[in-house]
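What follows is a single structure, written as structure tokens, with notes after it.
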Amino acid sequence: MRMTGNTILITGGGSGIGRELARRFHDRGNTVIVTGRRREALDETADGRPNIHATTLDVTDPQDIAAFAARITAEHPALNVLINNAGIMRYEAIDRARDLSDAEETVTANLLGPIRMTDALVEHLSRQPDAAVVNVSSGLAFVPLVAAPTYSATKAAVHSYTVSLREALKGRVEVIELAPPAVQTELTPGQSTRAAYLPLDAFMEEVMALFAQAPTPREILVQLVAFQRNAEAEHRFDEAVTTLNDLARRAREGQ
């Protein structure tokens, strides 16, 4: 992936990893478009950076996506990179019958959102030089968090979908997966201050160094996520499930 001179669209650009990707790619000489539901948060991302453009978008609404894609490609015909970052994480108890709205909303945002965004822009991207799609999955795609089962499942699906997309677009659009470990962001309540989680700045330093490699890795994997990504290949999957979930529980409890 080219590191400068792109026009990059980042969903979920109002906070956390999306915000930092936007700012860091902007500062490397790219035009960046950030989307999300909250205009105020998007404006904070763009503040002081003239080539970050903020626009609201609900990635759970297929009609909004279609209208947005038509408008954004007309306003920014050089758009050549899509980063599917928007998503939600909800804790769920699956050992009893419950209201499934959290699960349904998670699937819509985390899986259908990237699929619909890519579908809306894939033909445009295929005509652009140095085009790329970056799908943000998670270390939980490879070792699930029992407390967030639907989130983990959607990220596993994003991983699988990304593999298929890479093969389908080979030679036309570069397809990259970014799989974060547990990072200090606002994804869930209290997460931004959990000492056991990777500080956002440290995560981003590693991520941008990996993006800058030539060729760009197909998977952007910081060192900390190797515990999850390689668990099955290293024949320690069951142990990893137990260890990860115990660490996550203690982190949530403040231990």
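The values are calculated or read from the model by the stated rules, or taken from the named source; none is laboratory data. Just so it is clear, the structure is predicted and the values come from calculations on it, not from any experiment. So basically every Cβ, Gly included, is an ideal-geometry build from the backbone, and we count neighbours across all protein chains shown.
Is at least one residue of the stretch 65-85 without any contact (Cβ under 8 Å) to a residue 60 or more places away in the chain, in contact with a Phe, Trp or Tyr (Cβ under 7 Å, 6 or more places away or on another chain) and more than 14 Å from His26 (Cα to Cα)? Scanning the stretch 65-85, I find no residue that is without any contact (Cβ under 8 Å) to a residue 60 or more places away in the chain, in contact with a Phe, Trp or Tyr (Cβ under 7 Å, 6 or more places away or on another chain) and more than 14 Å from His26 (Cα to Cα), so the answer is no.
Per-residue answers, yes or no, for (1) modelled with pLDDT of 95 or more; (2) over 17 Å from Gly87 (Cβ atoms); (3) touching a Leu at 6+ places or on another chain (Cβ under 8 Å); (4) part of a helix (DSSP H, G or I):
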{"position": "Gly5", "(1), (2), (3), (4)": "yes, yes, no, no"}
{"position": "Ile10", "(1), (2), (3), (4)": "yes, no, yes, no"}
{"position": "Leu21", "(1), (2), (3), (4)": "yes, no, no, yes"}
{"position": "Glu40", "(1), (2), (3), (4)": "yes, yes, no, yes"}
{"position": "Gly48", "(1), (2), (3), (4)": "yes, yes, no, no"}
{"position": "Thr55", "(1), (2), (3), (4)": "yes, yes, yes, no"}
{"position": "Val59", "(1), (2), (3), (4)": "yes, no, no, no"}
{"position": "Ala66", "(1), (2), (3), (4)": "yes, yes, no, yes"}
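For the condition out of contact with any strand residue (DSSP E or B) (no Cβ under 8 Å at 6 or more places or on another chain), touching a residue at least 12 places away in the same chain (Cβ under 8 Å), in a helix (DSSP H, G or I) and surrounded by fewer than 24 Cβ atoms within 10 Å (Cβ to Cβ), Val107 qualifies.
Glu177 meets each of the listed conditions (1) at negative phi; (2) of a type in the set (D, E, K, R); (3) surrounded by fewer than 20 Cβ atoms within 10 Å (Cβ to Cβ); (4) not in a helix (DSSP H, G or I) apart from (3). Of the residues making up the stretch 23-38, those that are part of a helix (DSSP H, G or I) and of a type outside the set (D, E, K, R) number 2.
Quick one: in the stretch 154-174, which of the residues that are part of a loop (DSSP other than H, G, I, E, B) and of a type in the set (A, V, I, L, M, F, W, C) is surrounded by the fewest Cβ atoms within 10 Å (Cβ to Cβ)? So the residue we want is Leu169.
Out of the residues in the stretch 125-184 meeting the condition of being aromatic (Phe, Trp, Tyr) and touching a residue at least 60 places away in the same chain (Cβ under 8 Å), tell me which one is nearest to Thr11 (Cα to Cα). Only one residue fits best here, namely Tyr151.
Candidates are the residues of the stretch 200-219 that are among the charged types (D, E, K, R) and farther than 26 Å from Gly190 by Cβ; the one that is surrounded by the most Cβ atoms within 10 Å (Cβ to Cβ) is Glu219. Among residues of the stretch 35-52 that are more than 24 Å from Asp64 (Cβ to Cβ), none has a beta-carbon under 7 Å from a residue that is modelled with pLDDT under 95 at least six positions away or on a different chain.
Within the stretch 110-153, can you find the residues that are touching a Leu at 6+ places or on another chain (Cβ under 6 Å), under 26 Å from Leu247 (Cα atoms) and either among the β-branched types (Val, Ile, Thr) or surrounded by 23 or more Cβ atoms within 10 Å (Cβ to Cβ) (or both)? Within the stretch 110-153, Val136, Val143 meet the criteria.
Taking the listed residues Ser101, Ser15, the one that is surrounded by fewer than 23 Cβ atoms within 10 Å (Cβ to Cβ) and touching an Asp or Glu at 6+ places or on another chain (Cβ under 7 Å) is Ser15, with no other qualifying.
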